[in-house]
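> A single structure is presented below for examination.
What follows is calculated from the coordinates using simple rules that are stated; it is not laboratory data. Predicted model, so just to flag it, every value in this text is computed and none were measured. All Cβ positions, even for glycine, are placed from backbone atoms using ideal geometry, and neighbour counts span all protein chains on display.
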Amino acid sequence: MSKIESKFLKVKCSDCANESVLFNKVSSSVSCQFCGSSLASSTGGTATITAEIVEELD
Ligand SMILES: [Zn+2]
């Protein structure tokens, strides 16, 4: 059972290409600040990133 690390991800919105930085353990859904498209949804502690991940930050 692998442990998922907490880290920040730089993602790019698939709709408008706006880049955002979000935490991979968001506790609620995250939407693009520019167009409102969904970037991530929370599934019990670990975020499911629906946007394109550009870079992992730590
Ligand atoms: Zn967008």
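> By how many nm would the segment from residue 42 to residue 57 lengthen if fully extended, with 0.36 nm per residue of separation less the alpha-carbon distance?
Details: separation 15, 0.36 × 15 = 5.40 nm, distance 1.93 nm.
Taking residue 42 through residue 57 to full extension adds about 3.5 nm, to one decimal.
> Something else: Summing Lys, Arg as +1 and Asp, Glu as -1, what charge do residues with Cβ under 12 Å from the Cβ of residue 23 carry, residue 23 excluded?
0
> Here's another thing I want to ask about it. Can you pull out the trypsin sites (Lys or Arg not before Pro) in the chain that DSSP calls coil and that have at most 15 other Cβ atoms within 10 Å?
Values: sites: 3, 7, 10, 12, 25; in loops: 3, 7, 25.
Passing both the DSSP loop test and the Cβ count: 3, 7, 25.
> In whole percent, what relative contact order does region 8-57 give with Cα contacts below 8 Å and a gap of six or more residues? Intermediate results must be reported in sequence, preceding the final value.
Details: 108 pairs, mean separation 20.3, N = 50.
In percent, rounded to a whole number, it is 41.
> Give me a comma-separated list of calculated 3J(HN,Hα) values for region 33-47, in order, Karplus coefficients 6.51, -1.76, 1.60 applied at θ = phi - 60°, integers in Hz, x for any Gly or Pro.
6, 8, 10, x, 5, 6, 9, 7, 10, 8, 10, x, x, 10, 7
> Here's a follow-up. Which loop-located GluC sites (Glu not before Pro) does the chain contain, where loop means any DSSP state but H, G, I, E or B and the Cβ has at most 10 other Cβ atoms within 10 Å? Can you show the working numbers first?
Working: sites: 5, 19, 52, 55, 56; in loops: 5.
Hits after loop and neighbour filter: 5.
> Another question, then. Please report, largest first and rounded to whole Å, the three semi-axes of the ellipsoid equivalent to the chain, where each semi-axis is the square root of five times an eigenvalue of the C-alpha gyration tensor.
Working: eigenvalues 75, 32, 13 Å².
For the chain, the ellipsoid semi-axes come out as 19, 13, 8 Å.
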